[in-house]
Amino acid sequence: MSIHLVGGGLLAAADVAASFTAEATARAAAVGRTVPRIAVLSVARTDGSSLSSTADIAETLAGARQAETIVTEVAAGAAFDTTVLSDVDALVVAGGVTPDYLTAVAPIVDQLRLLVSDGLPYLGYSAGAMIAADRALVGGWRIGGVEICPEEASEGLDEVELREGLGLVDLTVDVHAVQAGTLARLVAAAEAEFVTAGLAIDEDTTLVVGEGALEVRGTGSVWRVIAGDESVSVATMGA
């Protein structure tokens with residue numbers, strides 16, 4: 001089973017949704033279900049409105065009744081109950097304000113980690129991809145008062161901030177890389193020695209982490225950022 005990290009935009013290529021649903025179907029079959037149950041966790045905006053991307057994700061994964069998607073949304077600042085992970089065959093953590101997602105998943109982190117380590121397929125979309133890391137970059141647009149990316153990508157934070165994430169992948173993850181200018185944020189975080197290595201994922205692009213080699217799908221790139229002794233190296237992993 002795999003971890004799918006989506007950089008935002010569309011749910012990458014159609015085959016990403018298909019492969020994720022196929023993994024959920026395989027896990028469902030092991031317990032005698034023909035239609036997999038996919039939990040979709042979403043955190044509303046601070047004004048209480050829902051993100052349209054959550055509904056799009058649920059609709060895309062459900063397809064022509066290929067899966068049953070169970071969407072659970074909580075208000076900003078609230079947390080998910082552990083029951084959201086009961087009797088499901090795959091998990092999606094949607095997009096929105098990244099710090100709010102870490103707050104929301106706090107009560108279920110241990111259970112989530114155990115399920116994923118046991119083979120539960122995980123799809124993180126935007127914020128859901130960022131918090132999947134051991135050390136999650138949750139936002140910010142300045143380091144030491146110096147602007148390093150557009151303020152629109154700040155997630156409501158001033159200085160760049162890292163927090164303990166879900167621990168599903170060992171590299172720090174940023175999203176909307178080229179489109180929102182957040183590749184520069186990850187490079188600056190590496191230069192400042194906040195992170196030693198990370199991945200910035202473009203929109204309409206998915207990084208699939210499985211048992212084999214890392215796989216990039218979609219129309220963009222995954223940018224690999226590594227801090228060296230005297231410089232930061234950047235290389236692309238194309239689809």
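Where a number appears in this text, it was derived from the coordinates with a stated rule and is not lab data. Predicted model, so just to flag it, every value in this text is computed and none were measured. Note that we place each Cβ from the backbone using ideal geometry, even for glycine, and neighbour counts take in every protein chain shown.
Listing 35, 116 from fewest to most neighbouring C-beta atoms within 10 Å gives 35, 116. Summing Lys and Arg as +1 and Asp and Glu as -1 over all other residues whose Cβ lies under 14 Å from the Cβ of residue 230 gives a net charge of -3. Largest first, the three principal axis extents of the alpha carbons in the chain are 55, 38, 29 Å in whole numbers.
Both radii were evaluated on the Cα set of the stretch 67-186; the Rg over Rh quotient, with Rh as the Kirkwood radius, amounts to 0.99.
Normalising the average separation of contacting C-alpha pairs (under 8 angstrom, six or more residues apart) by the number of residues puts the relative contact order of the stretch 132-207 at 32 percent. Over all other residues within a Cβ to Cβ distance under 9 Å of residue 37, the charged ones net out to -2, with Lys and Arg as +1 and Asp and Glu as -1. Of the residues 137, 91, 114, the one that moves most in a GNM of the chain with alpha-carbon contacts below 10 Å is 114. Restricting the calculation to Cα atoms, the stretch 25-127 shows an Rg/Rh of 0.96 when the hydrodynamic-style radius is the Kirkwood one. Cβ crowding within 10 Å, taken as a proxy for footprinting-reagent exposure, orders 130, 237, 1 from fewest neighbours to most as 237, 1, 130. By DSSP, the beta bridges lying fully in the stretch 139-239 are antiparallel in about 80 percent of cases.
Electrostatic tally near residue 134: other residues with Cβ closer than 13 Å to its Cβ, Lys and Arg +1, Asp and Glu -1, net +1.
Dipole check for the stretch 3-238: with +1 at the C-beta of Lys and Arg, -1 at the C-beta of Asp and Glu, and the Cα centre as origin, the magnitude is about 640 Debye. Overall shape of the stretch 135-187 was characterised from the C-alpha gyration tensor. The equivalent ellipsoid obtained from it has semi-axes of 18, 13, 9 Å, in decreasing order. Each Cα pair under 8 Å and six or more residues apart adds its separation to the average, and for the stretch 21-173 the resulting relative contact order is 20 percent.
Over the C-alpha atoms of the stretch 154-239, the Rg to Rh ratio, Rh being the Kirkwood estimate, stands at 0.95.
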